[in-house]
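Presented below is the structure to which this report refers.
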Amino acid sequence: MAETRIDVTVEQLQTPAADKQHPNTCPSCGSHYRDDELAGALYVCGQCGHHFAMPARARIEWLADSGSFTEEAEDVRSADPLDFFDLRPYVERLTEAELNTGLGEAIVVGSGTLDGSPLELSVMDFSFLGGSMGSAVGERFARACESAIDRACPLLSVSASGGARMQEGVLSLMQLPKTVAALDELHEAGLPMFSVLSHPTTGGVIASFASLGDVTIAEPGALLAFTGPRVVQSIVKEKLPEDFGRAEQNLRFGHVDAIVPRSEQRAYLSRLLRLFAR
């Protein structure tokens, strides 16, 4: 009697998820670092110079003189005016972001000094919902501008953002003119804004206040564009330059004044504060 065989074919509809790369592994050269090693190196790869995302509080601690920083507008938090729900409620995403980062929003603002020179700091953190700009981010930035005017000191902005926060709809888009208007009042008071663009600075943030610094510097290799190269290439149907949207291309076209590695930024900004001293 012939043996009956059943041929079973299993069709896999989803590709197995690739192993997640450890966040301390350099995406450029594959070097791996302990948390303390990375923090001690200002979140810059010692082998290839890749600039990792730097937490807002760590950057403030490095830039501001020890003990000089006083945080402001801590009570300004995002609401959920649209009762937004995608795969999860917006309020749940906000709570998770706060627990994971220890921040109340994607931007930290406050007063301090750098080498003894007073300044107002506004530092974004990409780890909080991709550094997206919602109503609370716009309000905190506006208050930073007001505080700089009250103290008659420059404003230092460090941006890291994926753009407007979609969960707040048009209210998020309204932050573009709001932040620009706040910055206009700062300039009317005769005070400068120094803008540091880190990776990535895109969407509504690059289209508003991040591009309006009296002096604008960028970190090496940072993506600085309204939208990413894949989207642009799909629209124009042409091959784009390898460095499209990167800091180096922005420097060639005059969008930024200089590319300054993170380890040199403190001295560079200190010199700017002396040059712009009133």
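The values are calculated or read from the model by the stated rules, or taken from the named source; none is laboratory data. Here the structure is a predicted model, which is why all the values come from computation and not from measurement. FYI the Cβ positions are ideal-geometry reconstructions off the backbone, even for glycines, and counts take in every protein chain you see. For accessibility, only protein heavy atoms count, side chains too; no ligands or nucleic acids. Shrake-Rupley method; radii C 1.70, N 1.55, O 1.52, S 1.80 Å.
Observations on the model:
- Across segment 122-278, C-alpha contacts under 8 Å between residues 6 or more apart give a mean separation that, scaled by the residue count, equals a relative contact order of 20 percent.
- Annotation: extensible slack from residue 214 through residue 152 equals 20.7 nm (criterion: 0.36 nm per residue apart, minus Cα-Cα distance).
- Most simply put, the chain has about 45% antiparallel DSSP beta bridges, counting only bridges with both residues inside it.
- Directionally averaged projected area (convex hull, Cα atoms, the chain), nm²: 21.2
- Once C-alpha pairs closer than 8 Å and six or more residues apart are averaged by separation and normalised to the residue number of segment 40-118, the relative contact order reads 37 percent.
- Along the chain, the exposed loop sites are GluC sites (Glu not before Pro) outside DSSP states H, G, I, E and B with at most 11 other Cβ atoms within 10 Å, and the longest stretch free of them is 12-237.
- Taking all protein chains together, 212, 156, 42 sort by accessible area into 212, 42, 156, largest first [probe 1.4 Å].
- Measuring how big segment 196-278 is from its alpha-carbon positions, Rg and Dmax come out at 14.1, 50 Å.
- Modelled spin labels at residue 277 and residue 113, positioned 7 Å past Cα toward Cβ, are 1.2 nm from each other.
- Probing with 1.4 Å while keeping every protein chain in the model, the per residue accessible area of the chain equals 53 Å².
- Within the chain, helix-based [θ] at 222 nm, where runs of 4 or more DSSP H residues each add -39,500 (n - 2.57), nearest 500: -9500 deg cm²/dmol
- Cβ screening of the chain for cysteine pairs under 4.7 Å finds these without a partner: 145, 153.
- Spacing of the two label points (7 Å from each Cα toward its C-beta) at residue 188 and residue 242, in nm: 4.8
- Translational diffusion of segment 39-196, µm² s⁻¹ [Kirkwood Rh, Cα pairs; Stokes-Einstein; 37 °C; 0.692 mPa s]: 202
- Highest-MSF residue in the chain out of 267, 56, 164 [GNM, Cα springs under 10 Å]: 267
- Taking all Cα pairs closer than 8 Å and separated by 6 or more residues, the relative contact order of the chain comes to 13 percent.
- Distant-in-sequence amide H partners of residue 72 (H built 1.01 Å from N, under 5 Å): 109, 110, 111
- Take the Cβ atoms of residue 75 and residue 48, set R0 to 41 Å, and the FRET efficiency comes out at 0.50.
- Accessible surface of the chain [probe 1.4 Å, protein heavy atoms]: carbon and sulfur percent: 54
- Stokes-Einstein diffusion coefficient of segment 186-230, Kirkwood radius over Cα pairs, 4 °C, 1.567 mPa s, in µm²/s: 116
- Residue 68 versus residue 85: modelled label distance in nm, points set 7 Å from Cα along the beta carbon direction: 4.9
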